[in-house]
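The values are calculated or read from the model by the stated rules, or taken from the named source; none is laboratory data. Given the structure is predicted, the values throughout are model-derived calculations rather than measurements. Heads up, the Cβs are rebuilt from the backbone with ideal geometry, glycines too, and the neighbour counts pull from every protein chain shown.
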Amino acid sequence: MPGVFFSEAVEGSTHTVAQAGSTEQLLMLLLLVLPMAGFLLSAVLGRRLSQPWIIAVPTIIVVWAIASYLAFQALIQGAFGNEAITFTAYEWIPAGDFRIPFNLFFDNLTAVMLLVVTSIGMLVHVYSIGYMAHDASRWRFFAYLNLFMFSMLLLVLAGNYLLVFAAWELVGLSSYLLIGFWYHKRSAVLANKKAFLVNRVGDVGFALGIMAIWTTVGTLDFDEVFQLLPAALQMGEIQQWMMVGICLLLFCGAMGKSAQFPLHVWLPDAMEGPTPVSALIHAATMVNAGVYLVARSSPLFANAPEALILVAAVGIFTAIFAASIALTQKDIKRVLAYSTLSQLGYMFAALGVGAWTAAIFHLVTHGIFKGLLFLGSGSVIHGVHNEQDMDRMGNLRKKMPITHWTMLIGALAISGIPPLAGFFSKDEVLGEAFKLGFEWVWLIGIVVALMTAFYMFRLMGKTFYGDSHVDPAVEPHIHESPRSMTVPLILLAGLSIVAGAFLGLPLGASTIHAWLEPVFHPALESAGVIEQPYAIAGIDGILILLSVAVATIGMVLGWRLFGFFRGRAHPDQVRELTARVPRLYLGSFRKWYFDELNDLLFVRFGGVVANSAAWFDVHIIDGAVNGVASATQKAGDEIRQVQTGRVQNYALGIALGLIVIAVGIIFLTTR
Amino acid sequence: MALPQTVPYLGWSWDDVVFLVLAGVMLGSSLMVVLSRNIIRSGLFMVLAFLGLAGFYALMGATIVAAAQVLVYVGAISVLILFAVMLTQSKSGPAKLVFHSQAWAAGIASVIVGLLLIMSVVMTTWPLAMPTPIAQSARDVATLLFNDYVLAFEVISLLLLSAVVGGIYLARKDNIPDPSDAVTRSET
Amino acid sequence: MSNNLDAYLVLACLMFAIGSFGFLARRNAIAMLMCVEIMLNGVNLAIVAFGMFTPALAGAGQVIALFVMAVAAAEATVGLAIVIAIYRNRRTPLVDEYASMRE
């Protein structure tokens, strides 16, 4: 892995790569080594400790500190300037022509991702102290959490595609272990198997994409690939369809990991895991891996507009598909899961229209408020003694105040109400979509925003407002959660309020734009995008007003039907509404029968195919082999009877043989 | 009174008549050897066959061989066989006990073999053959035996010696166990 | 007919065929040996016939016939000794029963 590179190869590129200094090398290695050590120590010693989190949580706090320092250096101090730093720890696969180093890569995008991953990771670790306090196997939980942190950090820091793939699989493994943490529950085991298998389907595409990259440019290192592959395309060495194909294959992997349609089926079922797991993995970090992959590969995608259109289409379709299901779900975590699917769809739509920075911005803010919402829901579940059905909650506002206020802030944020975080990022996504010419994406996005606001406040209403439908036996025991759980909630709520403004202002030249511009510059150049000045009084202002208006409408509808503070809920109106569209309601409630479709196609039909293949194998192939064996046996049995042991029989044989030979000779000689 | 030159009424020579009679006797008794159910009768028919054969040798003029045939075959071998029959008493039984189940196949095979032989003999011309047999004296035979074939003669005598010794050894009563007995005993 | 070489040869072949039939068909071991003797005799007849009709052989036919007789005698001796030995063990002269080398 040589040092400074290619400033002349791609015209106008300012993204150069330098070797990392020894301090940075050490720090980056520590980021990986510490969680791994935490995992191993927890696994070995955790069972004997009364408080297993003693190993895991401080490790992550240290990791967070290191990551924050590095990110600070990169982003605020601009210590890396326009450069990325990279170094190779050792040669991972030296196999003749196929050489893959274990190299780490750090640029501004990495810095942003590190901040998200380690901050939310740390808060979730602290939260888990309280949440899992009553669980006897919590040492396993903390060990797995550390393993997950290691995998995710490796994914974000990796410098070549194969290392990303390895980390990808590790993250999938950690997710599997954590979803199925309560392994004696059958539903949990089914869910983690489903998650792993669906991920695997996406991974096939990812692996094929990596192989395609290797065969075209002969390297998998990020900077080399981003340099060589577009150059090869320009010089005509590879065809356009090859580029589109590679990008689509990479996107296939992203679809699996980030649960886009049709590989979205595993995410709602993954709610079988404990709530901190849902918050960390399935809201804030792992599902963002797909978005990160596509964003990282932006130089490739920018040269394949057809692939980008598909990405946008899949993303926005997932957004509206998932939002439509979230409208009717009864389980509080399911609503949030479908909401995550929907917001991920937004991110992919942003990537697809070419608004790279907007996508990452939304990734950051979504991580904050979705993490907040999940942790809050965990607090609610903890408070009502493990009840997850919203039909049996209600009027928890007075009894769990901190949870209530923080979740309210989260709900406002996700709905896109200014000046909270979601407003800035969502508005940027939709605005860029409209301005870059993708009006259909914008239109669907607006509808989704309406639905998002509506179902979020439906959730709030059913949980915190209105009449209490809580089980009477449980009701007297409802109390606020312990400090280890509420403090992360408060911190996240605070971040939801300020992060948007901090990152998103000033409009048009925001902080996050400044951070990520060097990363996405090559992609924007390839796409030929011209930066237009921000017109607050013009098109941009109109778009902002429209999105806020739509969000407000959704919010008010939710208030009206489900209650808000002292406003009463109107369940009769809800019933009347659902009675008017029974089929739509049922379809939405049953997730549009997609799981049943999968079952039919793959389990039933595939089962038929597999059974016939098995029949063929047993009867025809095995039958042929066994048939040969039994034929040989029977022939042997028959022939064995010639051996009578009697001399006269043999003598008769001699006589007969003599006759045959003599007759033969006579015939041959007289012919 | 002197015999007429040829047989009256038929006009054959006496040799031919003798030939036919001897042929009948020989073939008939051979058949009876094979087909007879009583083994003693088979043995006796065999003696008769040997005698017929001796007659043939005499008819051809092979005097030494005729005498040897009578001495060796009739005098020694037939007696030997009859002794063996006596020692291994077996009942004369129905045909099932006498003939194998493969007797029919054997019959057909031997008929075909016989036919093949006869055909090959009849169709071949023997360029060196004279039209009549030429008698040779005993002196000629003896000269040949002790000059040209003396090695074979000595070897034959050794062979006979070893056969006699072997026969005695095999047929004696076993008071000392020997390997062949041990093998057969372990099998049963 | 007595001056015809072919006649003697035909007789020899017939004797041989009869002897071989008996050898293949009879169950008693001694009967088998008798039939072997008949076969040998048939062959002997053929040899002597050839010898008598061919002056070029000058008596060699008779000499060979004598040898064949000696060998046949030796063979009969040993064969009968074996049959007697087996009879002592198996109590039967029927070759059907000598089937321990079966399969």
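Summary table below
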| item | result |
| --- | --- |
| Pair list, Cβ < 6 Å and 6+ apart or interchain, from the stretch A:420-446 residues that are more than 18 Å from A:Lys370 (Cα to Cα) to residues that are of a type outside the set (Asp, Glu) and outside any helix (DSSP H, G or I) | A:Glu432/A:Ala355; A:Leu436/A:Gly354 |
| Positions within the stretch A:51-110 being among the β-branched types (Val, Ile, Thr), farther than 14 Å from A:Phe222 by Cβ and assigned to a helix (DSSP H, G or I), in sequence order | A:Ile54, A:Ile55, A:Val57, A:Thr59, A:Ile60, A:Ile61, A:Val62, A:Val63, A:Ile66, A:Ile76 |
| Cβ-Cβ under 9 Å pairs, at least 6 apart or on other chains, the stretch B:156-175 side within 7 Å of chain C (Cβ to nearest Cβ) and more than 19 Å from C:Phe67 (Cα to Cα), far side of a type outside the set (A, V, I, L, M, F, W, C) and not in a loop (DSSP other than H, G, I, E, B) | B:Gly166/C:Thr77; B:Gly167/C:Thr77; B:Gly167/C:Gly79; B:Leu170/B:Ser180; B:Ala171/C:Arg88 |
| Long-range neighbours under 7 Å by Cβ, at least six apart or interchain, first residue farther than 15 Å from C:Leu11 by Cβ within the stretch B:1-28, second at pLDDT 75 or above and not aromatic (Phe, Trp, Tyr) | B:Thr6/B:Ser13; B:Val7/B:Val17 |
| Among (1) more than 7 Å from chain B (Cβ to nearest Cβ); (2) crowded, with 24+ Cβ neighbours inside 10 Å - the single one C:Met32 does not satisfy | (2) |
| Single match in B:Ile40, B:Ile64 (criterion: surrounded by fewer than 22 Cβ atoms within 10 Å (Cβ to Cβ), in contact (Cβ under 8 Å) with a residue 60 or more places away in the chain and either of a type outside the set (S, T, N, Q) or not assigned by TED's automatic domain parsing to the domain that holds B:Ala142 (or both)) | B:Ile64 |
| Of residues in the stretch C:72-89 being more than 7 Å from chain B (Cβ to nearest Cβ) and surrounded by fewer than 19 Cβ atoms within 10 Å (Cβ to Cβ), the one modelled with the lowest pLDDT | C:Arg88 |
| Residue list for the stretch A:301-338, filter: among the basic types (Lys, Arg) and within 18 Å of the chain's Cα centre (by Cα) | A:Lys333, A:Arg334 |
| Residue in the stretch B:127-155 that is surrounded by the most Cβ atoms within 10 Å (Cβ to Cβ), counting only those that are within 7 Å of chain C (Cβ to nearest Cβ) and part of a helix (DSSP H, G or I) | B:Val141 |
| Checking B:Leu80 against (1) under 22 Å from C:Ile30 (Cα atoms); (2) exposed (fewer than 14 other Cβ atoms within 10 Å of the Cβ), the condition it does not meet | (2) |
| Check on C:Leu57, out of contact with any Cys (no Cβ under 8 Å at 6 or more places or on another chain), surrounded by fewer than 22 Cβ atoms within 10 Å (Cβ to Cβ), more than 7 Å from chain B (Cβ to nearest Cβ) and within 20 Å of B:Pro127 (Cβ to Cβ) | yes |
| Long-range neighbours under 7 Å by Cβ, at least six apart or interchain, first residue within 25 Å of A:Trp266 (Cα to Cα) within the stretch A:300-326, second outside any helix (DSSP H, G or I) and of a type in the set (Gly, Ala, Ser) | A:Leu308/A:Gly354 |
| Residue within the stretch B:102-116 that is exposed (fewer than 13 other Cβ atoms within 10 Å of the Cβ), outside any helix (DSSP H, G or I) and at pLDDT below 85 present | no |
| Index of the failed condition, B:Gln89 passing every other in (1) under 29 Å from B:Ala163 (Cα atoms); (2) in a helix (DSSP H, G or I); (3) more than 7 Å from every other protein chain (Cβ to nearest Cβ) | (2) |
| Subset of the stretch B:95-126 [at the interface with another protein chain (Cβ under 8 Å from one of its Cβ atoms) and either acidic (Asp, Glu) or out of contact with any helix residue (DSSP H, G or I) (no Cβ under 9 Å at 6 or more places or on another chain) (or both)] | B:Leu97 |
| Per-region count, the stretch B:18-38, residues assigned to a helix (DSSP H, G or I), out of contact with any Gly (no Cβ under 6 Å at 6 or more places or on another chain) and either among the polar types (S, T, N, Q) or at the interface with another protein chain (Cβ under 9 Å from one of its Cβ atoms) (or both) | 10 |
| Conditions (1) outside any loop (DSSP other than H, G, I, E, B); (2) in contact (Cβ under 8 Å) with a residue 12 or more places away in the chain; number of the one not met by A:His469 | (1) |
